[in-house]
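**Student:** Pasting a structure here, questions to come.
Nothing in this text is a laboratory measurement; each read-out follows from the coordinates by a stated rule. As the structure is a prediction and not an experimental result, all values here were calculated from the model. For neighbour counting, all protein chains shown are included, and Cβ atoms are generated from backbone atoms with ideal geometry for every residue, glycine included.
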Amino acid sequence: MATEEEMRYRAQKIAEDKAGLWVHIAAYVFVNSFLIAIWWWSGGGFPWFIFVLGGWGIGVVAHIAGVYFGPGYVDKLAEKEYQRLKDRKP
């Protein structure tokens, strides 16, 4: 079983990861909105911004997966398995 200090450290790390994710999403939305506006104001044409939108979007999805299915997620699964095994004990 983890000590109180270890649990606080893990909680702090998870909170930092989630906050970093929201900063990443905000930057993605802001920058890509700006690029779309530039495209629009320059007369449209070929939507070149989709390359940035798609490439960076892959990075955002990877960041989401890392935050929600990374070490914190593994810790939750491990705890769930531990409880399941503990309850099954004769």
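**Student:** What is the diffusion coefficient of the chain in µm²/s, taking the Kirkwood radius over Cα pairs and the Stokes-Einstein relation at 25 °C with a viscosity of 0.890 mPa s?
**Tutor:** The estimated diffusion coefficient comes to 151 µm²/s.
**Student:** Oh, and also: Enter the angle in degrees (range 0 to 90, nearest 10) between the Cα long axis of helix 49-68 and the first principal axis of the Cα atoms of the chain, meaning the one along which they spread out most.
**Tutor:** Relative to the chain, helix 49-68 is tipped by roughly 10 degrees.
**Student:** Quickly work out the PHE69-to-LEU85 label distance, labels modelled 7 Å from Cα along the C-beta direction, and quote it in nm with one decimal.
**Tutor:** Between LEU85 and PHE69, the label points sit 2.4 nm apart.
**Student:** So, R0 is 35 Å and r is the distance between the beta-carbons of ARG8 and VAL29; what FRET efficiency does that work out to, to 0.05?
**Tutor:** The formula returns an efficiency of 0.65 here.
**Student:** While we're on this one: With +1 assigned to the C-beta of every Lys and Arg and -1 to the C-beta of every Asp and Glu, and no other charges, what is the dipole magnitude of the chain about the Cα centre in debye, to the nearest 20?
**Tutor:** Charge dipole, the chain, about its Cα centre: 300 debye, nearest 20.
**Student:** Give the residue from TYR68, SER42, GLN83 lying farthest towards the positive end of the charge dipole for the chain; charges sit on Cβ (+1 for Lys and Arg, -1 for Asp and Glu) and the dipole is referred to the Cα centre.
**Tutor:** GLN83
**Student:** Roughly how tilted is helix 71-88, in degrees to the nearest 10 and between 0 and 90, from the longest Cα axis of the chain?
**Tutor:** 30
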